[in-house]
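Encoded as structure tokens, the structure appears first; notes follow it.
The values are calculated or read from the model by the stated rules, or taken from the named source; none is laboratory data. A quick note: this is a predicted structure, and the numbers were derived from the prediction, not measured. All Cβ positions, glycine included, derive from the backbone under ideal geometry; neighbour counts span all protein chains shown.
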Amino acid sequence: MPPRADRSPSHARPRVNPSGDFTCIVRQHAVTQPATVAIYFPRGGGGWDELSYADLERRTDAFAAFFCASGLPMGSRVQLLLKPCVTLYPLILGAVRAGLVPVFLDPAMGLRNVLSCIRTVQPAVVVAPLALHIGTAGLVRTFQSVSLRIVDGRRGLGFGPTLAQFELAGVSRAGVGYVAHCRVTNGVL
């Protein structure tokens, strides 16, 4: 064994994913350890929600498939105005896998600041609670870059699909290998 000074510490050599896309790591774990819990998330009222690697991969692929099918060009921004929840993580990973850029906003920052951020970011997609979609319905100039609205709620009320509908539509595409490979091949958008 070489002397201590000749050995590099393990943290000096980071692991590199040869594909360049960190979402493919989720895919690898889904194959090698599908039942292992990937995410624990506190549930309102106590307890924990769990998402296994297999479920995380299935949901990530569903969101990625729908984003790809939406015809959005790579590098398009996805404005996420969601409270933290289990669905947020596969949505983020699905956007990245589809070559999109997730942009996070805290919906609690107030309507004026949220609208300012949307005007600045110019997202192609806005994922937000129904109340925000309703409250901003007449602000055409603020949302002129938005081609897809996704509603966090039970009903879309004509603004766009709900998150559940969006994911379900992606499942039908992902189930037939629609997203066979990651769109991001080198980690650079």
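Taken over segment 67-97, the criterion of being basic (Lys, Arg) and more than 18 Å from Cys24 (Cα to Cα) is satisfied by Arg77, Lys83.
Are any residues in segment 45-75 crowded, with 22+ Cβ neighbours inside 10 Å and either closer than 9 Å to Gly94 by Cβ or without any contact (Cβ under 8 Å) to a residue 24 or more places away in the chain (or both), and if so, which ones? Correct list: Arg59, Thr60, Asp61, Ala62, Phe63, Ala64, Ala65, Phe66, Phe67. Scanning segment 51-76 for residues that are modelled with pLDDT under 90 and either part of a strand (DSSP E or B) or among the hydroxyl-bearing types (Ser, Thr, Tyr) (or both) yields a single hit, Ser70. Listed by position, the strands (runs of 3 or more DSSP E) inside segment 77-189 whose residues that are closer than 25 Å to Asp61 by Cα, modelled with pLDDT under 85 and under 17 Å from the mean Cα position of the chain (by Cα) number at least 2 are 125-129, 148-152. Within segment 1-42, being modelled with pLDDT of 50 or more, in a loop (DSSP other than H, G, I, E, B) and aliphatic (A, V, I, L, M) holds for one residue alone: Ala35.
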